[in-house]
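Visitor: Sharing a structure here in structure tokens format.
The values are calculated or read from the model by the stated rules, or taken from the named source; none is laboratory data. From a predicted model like this one, the values you see are computed outputs, not experimental measurements. Using ideal geometry, Cβ is built from the backbone for each residue, glycine included, and neighbour counts are taken over all protein chains shown.
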Amino acid sequence: MTIVPKDVIFLSESTESCADRWVAMNVFARTSVGLSSEVFELLGRIANDPEAGGEGPFHCWRIEYFSNEAGLLADPSRFRRNVDEWEELCLTRAELIAELKTHCILVDDETAYRKRFKPKRNLLDREHFGNFHQQHGQHMALARRKDPTDWWMRQKFTEDQLSVRPDTLYGAIQSKFLEAYTETRISEGMTVVDLGCGTGVYSNMMARRGANVLGIDPSEEYLNVARANAVPGTRFENMKIGEVGALDKIPASSADMIFMSDALLFYFVPFYPGQNADIHTLLKDIRRILKPGGLFVSMEPHGVFYLMPWLGAVDRPFVVVTEYLNKSFGIVPPLSWLIQQVTRTGFAVTDMREIVPGDYFEKIDPRGYHFASEFPLWHLIEFRPFSS
Ligand SMILES: C[S@@+](CC[C@H](N)C(=O)[O-])C[C@H]1O[C@@H](n2cnc3c(N)ncnc32)[C@H](O)[C@@H]1O
């Protein structure tokens with residue numbers, strides 16, 4: 001039987017100039033179709049009356065796209081906001097039903113539909129939804145044929161790769177916060193290890209505040225950029241973080257601070273299958289390297305709100321959270337997992353911040369600003385070692 005799965009919500013997107021516009025969104029599959037009320041009405045009756053609504057023609061709109069192509073912190077809602085950009089379709093009944101099935105607004109077999117929420121088997125697998133990493137990798141490789149490293153750098157950093165783009169939520173939240181945070185936490189001569197430093201922008205930020213920073217990353221491509229842009233006080237080395245013995249070169253009790261941003265998540269949900277990196281090995285290394293009384297700082301995408309769709313009016317956002325403890329789409333661990341793994345290695349949580357964008361961002365992206373001001377997209381947790 002053809003039904004509208006209970007995973008579908010309907011949102012009004014009518015405007016003064018465009019009446020009768022609805023979005024049907026499958027919040028689990030993250031798929032959408034634009035509808036007129038005649039289609040909305042048909043959907044309400046289809047389970048009881050397979051002929052409901054007649055033969056058409058029916059108006060609906062193609063609105064779905066992979067919105068995170070614009071950036072990992074871009075609007076993740078995956079439908080075109082501007083109704084003027086909606087692609088209008090005038091369809092027969094059979095064509096309409098097929099279109100709605102393509103976007104999971106209608107399904108024939110609910111059991112088969114639910115089985116689709118599994119990891120992708122390979123790059124060509126379109127049957128299974130997979131998690132965000134897999135969806136993003138598939139989109140970049142097949143639809144865009146873009147080099148992921150180059151894409152990651154462009155969506156986060158300025159053209160010269162020296163700083164974080166201020167026109168993104170990375171700039172408005174992460175970088176802006178760290179500018180102020182490092183001023184209070186970094187003092188002249190401190191020793192800092194930036195684990196998963198990537199292109200070293202935050203290592204440089206900390207070195208400018210007087211720290212001696214060792215930036216470590218397993219990616220030679222990122223490290224080449226980091227070395228090219230290194231400021232005095234930094235040093236960058238390739239080490240396979242999370243593998244046994246990988247950080248042995250770093251002496252015990254040698255760092256005042258260990259800093260990780262957007263890197264710890266990969267130790268909970270591997271970036272690619274079969275990854276060797278292990279969270280326990282990593283945390284034991286962190287504990288060993290840190291001086292007694294030192295600080296382990298972890299700044300990560302928020303375990304609840306990161307990559308959740310931005311719904312509602314621009315200045316009155318809401319969110320539909322479809323998973324938290326058992327993630328099939330999400331790539332960030334629940335807060336308790338993250339904290340427990342670290343505290344079980346001999347640390348105590350001493351502070352936690354949920355970070356919101358700077359006010360300047362309201363003019364750049366009002367929707368992103370209001371959403372992220374209500375639902376934080378990053379948190380920072382401070383851990384200090386304790387001796388048992
Ligand atoms: C999202 S980037 C963040 C880079 C940098 N900390 C920043 O905030 O700009 C994640 C970094 O972690 C590194 N990394 C470390 N361990 C990793 C792992 N097990 N899986 C994937 N990436 C890992 C990657 O090479 C990459 O440079």
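Visitor: Filter segment 52-80 for residues that are in contact with a Lys or Arg (Cβ under 6 Å, 6 or more places away or on another chain) and among the polar types (S, T, N, Q) and give the result.
Guide: Ser67
Visitor: Would you call Phe296 more than 30 Å from Glu159 (Cα to Cα), in contact (Cβ under 8 Å) with a residue 40 or more places away in the chain, assigned by TED's automatic domain parsing to the domain that holds Phe347 and within 12 Å of the ligand (Cβ to nearest atom)? First the steps, then the outcome.
Guide: Values: more than 30 Å from Glu159 (Cα to Cα): yes; in contact (Cβ under 8 Å) with a residue 40 or more places away in the chain: yes; assigned by TED's automatic domain parsing to the domain that holds Phe347: yes; within 12 Å of the ligand (Cβ to nearest atom): no.
When the stated conditions are applied, Phe296 does not pass them.
Visitor: Right, here's the next one. Of the residues Thr182, Thr199, which single one is in a loop (DSSP other than H, G, I, E, B) and crowded, with 19+ Cβ neighbours inside 10 Å?
Guide: Values: Thr182 fails: in a loop (DSSP other than H, G, I, E, B).
Result: Thr199 is the single residue among Thr182, Thr199 that is in a loop (DSSP other than H, G, I, E, B) and crowded, with 19+ Cβ neighbours inside 10 Å.
Visitor: Would segment 130-143 turn up any residue that is modelled with pLDDT of 95 or more, closer than 30 Å to Asp49 by Cβ and either outside the structural domain of Ser12 (by TED's automatic domain parsing) or buried (at least 19 other Cβ atoms within 10 Å of the Cβ) (or both)?
Guide: no
Visitor: While we're on this one: Suppose the filter is among the β-branched types (Val, Ile, Thr), within 14 Å of the ligand (Cβ to nearest atom) and farther than 19 Å from Glu382 by Cα; does Ile216 pass it?
Guide: Details: among the β-branched types (Val, Ile, Thr): yes; within 14 Å of the ligand (Cβ to nearest atom): yes; farther than 19 Å from Glu382 by Cα: yes.
So Ile216 fits the description; yes.
Visitor: Can you tell me which residues in segment 273-290 are over 16 Å from Leu195 (Cα atoms) and more than 11 Å from the ligand (Cβ to nearest atom)?
Guide: Pro273, Gly274, listed by residue number.
Visitor: When you scan segment 35-64, how many residues do you find that are surrounded by 16 or more Cβ atoms within 10 Å (Cβ to Cβ) and in a loop (DSSP other than H, G, I, E, B)? Break it down stepwise before answering.
Guide: Keep residues of segment 35-64 that are surrounded by 16 or more Cβ atoms within 10 Å (Cβ to Cβ), which gives 35-36, 38-39, 42-43, 46, 53, 56, 58-64.
Now drop any that are not in a loop (DSSP other than H, G, I, E, B), which leaves 36, 46, 53, 56, 63.
Counting residues in segment 35-64 that are surrounded by 16 or more Cβ atoms within 10 Å (Cβ to Cβ) and in a loop (DSSP other than H, G, I, E, B) gives 5.
Visitor: If you don't mind, another one. Do we find a residue being aromatic (Phe, Trp, Tyr), more than 8 Å from the ligand (Cβ to nearest atom) and more than 25 Å from the chain's Cα centre (by Cα) anywhere in segment 263-272?
Guide: Scanning segment 263-272, I find no residue that is aromatic (Phe, Trp, Tyr), more than 8 Å from the ligand (Cβ to nearest atom) and more than 25 Å from the chain's Cα centre (by Cα), so the answer is no.
Visitor: If you take just the strands (runs of 3 or more DSSP E) that sit entirely in segment 302-364, which of them hold at least 1 residues that are touching a helix residue (DSSP H, G or I) at 6+ places or on another chain (Cβ under 8 Å), farther than 29 Å from Arg114 by Cβ and hydrophobic (A, V, I, L, M, F, W, C)?
Guide: Working: elements: 311-313, 316-318, 347-355.
Output list reads 347-355.
Visitor: In segment 204-216, is there at least one residue being under 22 Å from Ser387 (Cβ atoms) and aliphatic (A, V, I, L, M)?
Guide: Initial filter on segment 204-216 (under 22 Å from Ser387 (Cβ atoms)): none.
No, segment 204-216 contains no residue that is under 22 Å from Ser387 (Cβ atoms) and aliphatic (A, V, I, L, M).
Visitor: Can you tell me which residues in segment 354-388 are of a type in the set (Lys, Arg) and within 18 Å of the chain's Cα centre (by Cα)?
Guide: Initial filter on segment 354-388 (of a type in the set (Lys, Arg)): 363, 367, 384.
Listed by number, the list holds a single entry, Arg367.
Visitor: What pairs come out if I take residues in segment 249-275 that are touching a residue at least 60 places away in the same chain (Cβ under 8 Å) and closer than 21 Å to Pro301 by Cα and pair them with residues that are more than 10 Å from the ligand (Cβ to nearest atom) and among the polar types (S, T, N, Q) whose C-beta lies under 7 Å away, six or more apart or interchain?
Guide: Met260/Ser298; Leu264/Ser298; Val269/Asn131
Visitor: Right, something else. For segment 351-388, what are the residues that are among the polar types (S, T, N, Q) and in contact (Cβ under 8 Å) with a residue 40 or more places away in the chain?
Guide: Residues of segment 351-388 that are among the polar types (S, T, N, Q), as a first pass: 373, 387-388.
Those that are among the polar types (S, T, N, Q) and in contact (Cβ under 8 Å) with a residue 40 or more places away in the chain: Ser387, Ser388.
Visitor: Given the criteria under 29 Å from Glu13 (Cβ atoms) and out of contact with any Leu (no Cβ under 8 Å at 6 or more places or on another chain), does Pro366 qualify?
Guide: Values: under 29 Å from Glu13 (Cβ atoms): yes; out of contact with any Leu (no Cβ under 8 Å at 6 or more places or on another chain): yes.
Yes, satisfied.
Visitor: Working only within segment 219-241, note down all residues that are part of a loop (DSSP other than H, G, I, E, B) and without any contact (Cβ under 8 Å) to a residue 40 or more places away in the chain. Even if it seems obvious, please write down each step before you answer.
Guide: Our first condition is that a residue be part of a loop (DSSP other than H, G, I, E, B); within segment 219-241, this holds for 219, 229-233, 239-241.
If the condition is that a residue be part of a loop (DSSP other than H, G, I, E, B) and without any contact (Cβ under 8 Å) to a residue 40 or more places away in the chain, then Ala230, Val231, Pro232, Gly233, Met239, Lys240 are the ones that fit.
Visitor: Return the residues of segment 225-242 that are within 12 Å of the ligand (Cβ to nearest atom), more than 30 Å from Tyr324 (Cβ to Cβ) and either at pLDDT below 95 or surrounded by fewer than 17 Cβ atoms within 10 Å (Cβ to Cβ) (or both); say none if nothing qualifies.
Guide: Answer for segment 225-242, where residues must be within 12 Å of the ligand (Cβ to nearest atom), more than 30 Å from Tyr324 (Cβ to Cβ) and either at pLDDT below 95 or surrounded by fewer than 17 Cβ atoms within 10 Å (Cβ to Cβ) (or both): Asn238, Lys240.
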